[in-house]
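Peer 1: Below you will find the structure I want to go over with you.
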Amino acid sequence: RPLGSKGNSNLEDYLIPVIKLMWKGLDHAAAFGKIAQVLDVRYNTVSSQCTRALDLTTDEFVKQVNSKTIVSLLKKKFPDHHQKIKVELNI
């Protein structure tokens, strides 16, 4: 199948859903896999959207999600979506 963007938004389609799944107890690999299935993209695509897009390693991403510092990073990276981040992640 063709590679490339399927019109998915980095924040809304990848980051927020992965973070929510991880906060519900899934590890990053399971969360990436689940979102990859939902969006019909490769696991690596989800991983990249959650790490490289934020200039984080996978370990850094996991630490930030677990400590919830990811929220302030998202607010800095996506200032136009401040309200959405706040509402979706209840912070």
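The values are calculated or read from the model by the stated rules, or taken from the named source; none is laboratory data. The model shown is predicted, which means the values in this text are computed figures rather than measured ones. Neighbour counts are summed over all protein chains in view; Cβ atoms, including those assigned to glycine, are modelled from backbone coordinates with ideal geometry. We work out accessible area using only protein heavy atoms, side chains counted, and drop any ligands, DNA or RNA first. Shrake-Rupley method; radii C 1.70, N 1.55, O 1.52, S 1.80 Å.
Peer 1: Using the alpha-carbon atoms, what tilt in degrees (0 to 90, nearest 10) does helix 28-39 show relative to the longest principal axis of the chain?
Peer 2: So the inclination is approximately 60 degrees.
Peer 1: What's the carbon and sulfur percent of segment 12-77's accessible surface, probe 1.4 angstrom, rounded to a whole number?
Peer 2: 47
Peer 1: Do any trypsin sites (Lys or Arg not before Pro) in the chain lie in a loop, going by DSSP, with at most 12 other beta-carbon atoms within 10 Å of their beta carbon, and if so which?
Peer 2: Filter output for the chain: Lys6, Lys24, Lys68.
Peer 1: Below 19 Å, Cα to Cα, which lysines can Lys63 reach? Residues fewer than 8 away in the same chain don't count.
Peer 2: Leaving aside lysines fewer than 8 places away in the same chain, those within reach of Lys63 are Lys20, Lys24, Lys75, Lys76, Lys77.
Peer 1: Then there is this: For helix 58-67, report the angle its Cα long axis makes with the longest principal axis of the Cα atoms of the chain; keep it between 0 and 90° and round to the nearest 10°.
Peer 2: It is inclined by approximately 40 degrees.
Peer 1: Where a Cα-Cα gap under 20 Å defines reach, which aspartates and glutamates qualify for Lys84, not counting those fewer than 8 residues away within the same chain?
Peer 2: Within the straight-line cut-off, Lys84 pairs with Glu12, Asp13.
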